[in-house]
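Encoded as structure tokens, the structure appears first; notes follow it.
Read-outs: derived from the displayed coordinates by stated rules, not from any lab. Nothing here was measured: the structure is a model prediction, and the numbers come from that model. With ideal geometry, Cβ positions are generated from the backbone for all residues, glycine too; neighbour counts draw on all protein chains shown.
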Amino acid sequence: MESFSELPLLPALQQALDNAGYVRPTAIQAASLGPLLAGRDLLAQAPTGSGKTAAFGLGLLQRIDAATTRTQALVLCPTRELADQVAKELRRLAAGIPNLKLSLLTGGIALGPQVASLAHAPHVVVGTPGRVQELIRKEALDVRGVGVFVLDEADRMLDMGFEDVIRDITRRLPRKRQTMLFSATWPEAIREMARATLHDPHEASIDAGEDAPRIEQWF
Ligand code: AMP
């Protein structure tokens with residue numbers, strides 16, 4: 001795929017890509033966006049720096065109905081830092097979607113203001129598993145309308161001991177949804193998680209080196 005214009009993306013997302021200066025899709029974007037926009041689940045092996053955030057971000061934002069005040073997408077990341085970066089990239093891509101609300105829900109930040117900020121449900125939540133679980137349990141965050149679920153750096157989340165927390169969160173989501181799982185490595189626990197959470201996924205695997213030289217120039 002040579003250009004994003006080959007994809008049936010919303011005009012607001014095409015515009016955001018232009019504004020960001022993204023001219024050509026990276027390998028993971030080219031390999032995943034077609035199936036994602038068609039509603040398929042995704043199982044992807046893509047390292048940081050591959051452009052994986054925009055891959056799942058575009059797939060996710062395309063499906064948000066900003067006129068409906070309900071949490072429709074949930075992205076889980078292993079660390080506060082990664083969640084922060086993901087939220088920044090999603091906000092950039094969503095800039096042209098009127099009234100879209102995104103909340104960053106991570107630990108290490110006072111719970112009270114986070115609960116208050118959820119009085120009006122955000123369309124998109126990006127967070128770390130522990131805090132997201134806590135907010136669901138407190139009934140501050142309602143995930144019963146989540147139609148898109150992203151597990152970013154799933155292997156790191158398992159390494160950090162989040163397996164049971166992720167299982168608990170997943171159990172509370174609608175069964176009918178689109179799920180994307182990104183992982184750099186494939187231990188048995190990840191394959192098990194993929195079997196339990198994905199339905200007939202499209203598979204995309206990108207070598208660490210494939211996009212690295214080009215992407216490095218961007219930093
Ligand atoms: P990620 O792997 O999602 O952390 O992305 C790595 C970097 O690549 C980020 O700084 C993005 O802004 C940038 N990026 C993502 N997609 C593209 C693209 N199609 N063209 C140029 N840069 C991109």
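Under 10 Å, Cα contacts only: if you run a Gaussian network model on the chain, which one of E153, E89, E139 comes out with the highest mean-square fluctuation? In the Gaussian network model the winner is E139. Ranked for footprinting exposure by Cβ neighbours inside 10 Å, fewest first, H120, H202 give H120, H202.
Ellipsoid fit via the Cα gyration tensor, the stretch 12-58: semi-axes of 18, 14, 8 Å, each the root of five times an eigenvalue, largest first.
Using 0.36 nm per residue of separation minus the Cα-Cα distance, give me the extension gain between M160 and R137 in nm, one decimal. Display every interim value, and only then the final one.
Values: separation 23, 0.36 × 23 = 8.28 nm, distance 2.08 nm.
This chain segment gains 6.2 nm when fully extended.
Over the Cα atoms of the stretch 1-87, the radius of gyration divided by the Kirkwood radius equals 0.94; this is the Rg/Rh ratio. When both the stretch 129-177 and the stretch 30-77 are represented by their alpha-carbon centers, they are found 16 Å apart. Calculated translational diffusion coefficient of the stretch 48-110 (4 °C, 1.567 mPa s; Stokes-Einstein with Kirkwood radius over alpha-carbon pairs) equals 103 µm²/s.
Determine, at each q value in 0.20, 0.22 (inverse angstroms), the log₁₀ of I(q)/I(0) that the Debye formula gives when each Cα of the stretch 148-212 is one equal point scatterer. The calculated log intensity ratios at q = 0.20, 0.22 Å⁻¹ are -0.83, -0.98. Within the chain, the longest segment free of exposed loop sites, counting trypsin sites (Lys or Arg not before Pro) that fall outside DSSP classes H, G, I, E and B and have at most 11 other Cβ atoms within 10 Å, spans 1-143.
Among S103, S5, rank each residue by its count of other Cβ atoms within 10 Å, from fewest to most, as a rough exposure measure.
On the way: S103 19, S5 11.
Starting with the residue having the fewest Cβ neighbours, the order is S5, S103.
In this simple spin-label approximation, L10 and D200 carry label points 7 Å from Cα along the Cα→Cβ vector, and these lie 2.6 nm apart.
Counting other Cβ atoms within 10 Å as a rough exposure proxy, the listed residues S183, S32 run S183, S32 from fewest neighbours to most.
Inter-label distance, H120 to W186: 4.5 nm, where each label sits 7 Å from its Cα along the C-beta direction.
When the alpha carbon gyration tensor of the stretch 63-164 is reduced to an equivalent ellipsoid, the three semi-axes, largest first, read 20, 16, 13 Å. Extent of the chain along its three principal axes (Cα atoms, max minus min coordinate, largest first): 46, 42, 33 Å. Nearest 0.05, what FRET efficiency do R171 and L111 give at R0 = 22 Å with Cβ-Cβ as r? Between R171 and L111 the formula returns 0.45.
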